[in-house]
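What follows is a short report on a single structure.
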Amino acid sequence: MNVVDIIHEAIASKRTRFAFELLPPLKGDGMQKIFAAIEPLMPFDPAYINITFHREGIKETVREDGSVDWHIARRRPGTVGISAAIQHRYGVEVVPHLICGGLSKYDIEDTLIDMDFLGLHNVLALRGDKSQNERRFMPHPQGHAHAIDLVRQIADMNRGKFIDGEVEECHHSKFSIGVAGYPEVHFEARDLTSDIAHLKAKVDAGAGYVVTQMFFDNRCFFDFVRRCREAGITVPIIPGLKPISTLRHLEVLPETFSVKLPEALVREAQAHPDHVREVGIEWTIAQSRELMQAGIPVLHYYTMSRTTNIQQIVKALF
Ligand code: FAD
């Protein structure tokens with residue numbers, strides 16, 4: 001069953017499920033750490049697991065003679081391989097993320113064909129962020145400027161249309177496509193109205209559901225869903241939740257993800273500097289409970305690959 005069907009089944013049965021997002025291992029790491037992060041969550045029956053996609057970075061090495069060596073390197077390669085390994089090991093649907101950044105549409109087509117052969121039939125289609133040496137996002141010369149173009153490419157493939165045209169009598173992939181949405185507005189968007197218009201275009205192009213950026217005040221999410229519905233977006237909108245776990249998160253999360261932390265959460269964390277992790281867990285449990293009461297079909301937990309706090313959260317809720 002693909003993720004769109006899983007979400008619709010959760011809606012029909014009025015049973016909230018959960019999903020979680022992991023990073024692929026660092027280059028040189030094996031699979032054991034990621035399996036160790038997944039295993040304690042499996043008894044709670046996750047609906048599916050997301051695996052992020054990381055674009056290349058630039059690594060500079062100074063040689064002994066003072067000259068400089070540049071490497072274009074991916075610190076966390078292997079999204080597709082680790083997704084297939086997890087799906088086959090645990091029998092749970094896995095959603096590899098796929099980005100436009102740094103990839104040509106031909107690279108993307110090859111990746112999608114590999115995914116299809118490996119039995120991965122879900123994909124979260126994203127633009128990705130700028131590379132570290134760019135001032136703003138620059139598409140690959142033969143790539144896509146926005147996530148909508150990636151959604152179109154995947155939807156075309158599902159209809160048997162490849163980059164170089166139609167293939168007669170071809171095997172049709174059947175990817176279920178998710179896209180990202182931003183309750184507190186994407187940082188590059190002019191305003192929420194235009195951001196939601198772009199989101200609607202991604203859905204009209206073939207996305208079957210939306211996963212949101214993390215938020216810490218459920219009112220942001222409920223407002224966003226209302227605005228999306230008013231704009232004609234009818235697909236499920238899955239909330240993204242992240243438990244804070246360190247005092248550093250109070251600065252890093254708003255800066256990195258353009259989100260606000262409610263004053264009450266900041267106060268609580270600052271009042272208990274040695275127990276920020278517990279504060280984050282309690283806050284996320286309260287957010288989750290309210291979302292479950294509102295009939296949300298799936299809660300998406302961001303983990304950064306450390307799942308001990310997510311274990312406590314799902315133990316309390318599922
Ligand atoms: P887009 O939908 O292309 O939107 C980007 C900006 O362009 C927005 O401001 C939008 O309003 C605007 N826009 C969209 N279409 C148009 C258009 N046609 N014309 C003009 N403006 C337009 N990043 C990774 O690198 N790897 C990951 O694995 C990853 N996973 C993520 C998972 C989730 C759930 C979320 C919410 C984000 C994730 N990201 C990931 C981050 C994401 O790549 C960035 O937020 C990126 O800056 C935007 O991606 P997008 O798919 O929303 O882009």
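We did not get these values from a lab; they are worked out from the coordinates using the rules stated. All figures in this text were calculated on a predicted structure; none of them were measured in a lab. All Cβ positions, glycine included, derive from the backbone under ideal geometry; neighbour counts span all protein chains shown.
All but one of (1) among the small types (Gly, Ala, Ser); (2) farther than 26 Å from Tyr48 by Cα; (3) within 15 Å of the ligand (Cβ to nearest atom) hold for Ser104; state the number of the condition that does not hold.
It is condition (3) that Ser104 fails.
If you check every pair at least six apart or on different chains, which have Cβ atoms under 9 Å apart with a residue in the stretch 285-305 that is farther than 26 Å from Pro24 by Cβ and touching a residue at least 24 places away in the same chain (Cβ under 8 Å) first and a residue that is β-branched (Val, Ile, Thr) and surrounded by fewer than 18 Cβ atoms within 10 Å (Cβ to Cβ) second?
Gly295/Ile11; Pro297/Ile11
Tell me yes or no: at least one residue of the stretch 29-44 is buried (at least 17 other Cβ atoms within 10 Å of the Cβ) and either in a strand (DSSP E or B) or among the acidic types (Asp, Glu) (or both).
No, the conditions are met nowhere in the stretch 29-44.
Condition first: within 11 Å of the ligand (Cβ to nearest atom) and either touching a residue at least 60 places away in the same chain (Cβ under 8 Å) or in contact with a Pro (Cβ under 9 Å, 6 or more places away or on another chain) (or both). Can you find one or more residues in the stretch 151-173 that meet it?
No, because not a single residue in the stretch 151-173 is within 11 Å of the ligand (Cβ to nearest atom) and either touching a residue at least 60 places away in the same chain (Cβ under 8 Å) or in contact with a Pro (Cβ under 9 Å, 6 or more places away or on another chain) (or both).
When you look at His140, is it within 7 Å of the ligand (Cβ to nearest atom) and surrounded by 15 or more Cβ atoms within 10 Å (Cβ to Cβ), yes or no? Give the steps one after another, and end with the answer.
On the way: within 7 Å of the ligand (Cβ to nearest atom): no; surrounded by 15 or more Cβ atoms within 10 Å (Cβ to Cβ): yes.
Answer is no for this residue.
Out of all the residues in the stretch 228-248, which are buried (at least 20 other Cβ atoms within 10 Å of the Cβ), of a type outside the set (A, V, I, L, M, F, W, C) and touching a Lys or Arg at 6+ places or on another chain (Cβ under 9 Å)?
Correct list: Pro243 only.
Look at the stretch 246-278 and say how many of its residues are in a helix (DSSP H, G or I) and basic (Lys, Arg).
Adding up the residues that qualify gives 2.
Restricting attention to the stretch 1-17, report how many residues are surrounded by 16 or more Cβ atoms within 10 Å (Cβ to Cβ) and out of contact with any helix residue (DSSP H, G or I) (no Cβ under 6 Å at 6 or more places or on another chain). Can you show your working first?
Within the stretch 1-17, the first condition is being surrounded by 16 or more Cβ atoms within 10 Å (Cβ to Cβ), and the residues that meet it are 2-4, 6-8, 10, 16-17.
From what is left, the residues that are out of contact with any helix residue (DSSP H, G or I) (no Cβ under 6 Å at 6 or more places or on another chain) are 2-4, 6-8, 10.
Residues meeting the conditions: 7.
All but one of (1) within 13 Å of the ligand (Cβ to nearest atom); (2) surrounded by fewer than 18 Cβ atoms within 10 Å (Cβ to Cβ); (3) among the aromatic types (Phe, Trp, Tyr) hold for Tyr182, so report the exception by its number.
With (1) within 13 Å of the ligand (Cβ to nearest atom); (2) surrounded by fewer than 18 Cβ atoms within 10 Å (Cβ to Cβ); (3) among the aromatic types (Phe, Trp, Tyr) applied to Tyr182, the lone miss is (2).
In the list Val225, Val210, Val203, which residue meets the criterion of being within 10 Å of the ligand (Cβ to nearest atom), within 26 Å of Asn2 (Cα to Cα), surrounded by 20 or more Cβ atoms within 10 Å (Cβ to Cβ) and free of Cβ contacts under 8 Å to residues at least 60 places away in the same chain?
Details: Val225 fails: within 10 Å of the ligand (Cβ to nearest atom); Val203 fails: within 10 Å of the ligand (Cβ to nearest atom).
Exactly one of Val225, Val210, Val203 is within 10 Å of the ligand (Cβ to nearest atom), within 26 Å of Asn2 (Cα to Cα), surrounded by 20 or more Cβ atoms within 10 Å (Cβ to Cβ) and free of Cβ contacts under 8 Å to residues at least 60 places away in the same chain, namely Val210.
Does the stretch 298-309 hold any residues that are of a type outside the set (Gly, Ala, Ser), within 16 Å of the ligand (Cβ to nearest atom), touching a helix residue (DSSP H, G or I) at 6+ places or on another chain (Cβ under 8 Å) and not in a strand (DSSP E or B), and which are they?
Of everything in the stretch 298-309, just one residue is of a type outside the set (Gly, Ala, Ser), within 16 Å of the ligand (Cβ to nearest atom), touching a helix residue (DSSP H, G or I) at 6+ places or on another chain (Cβ under 8 Å) and not in a strand (DSSP E or B), namely Thr303.
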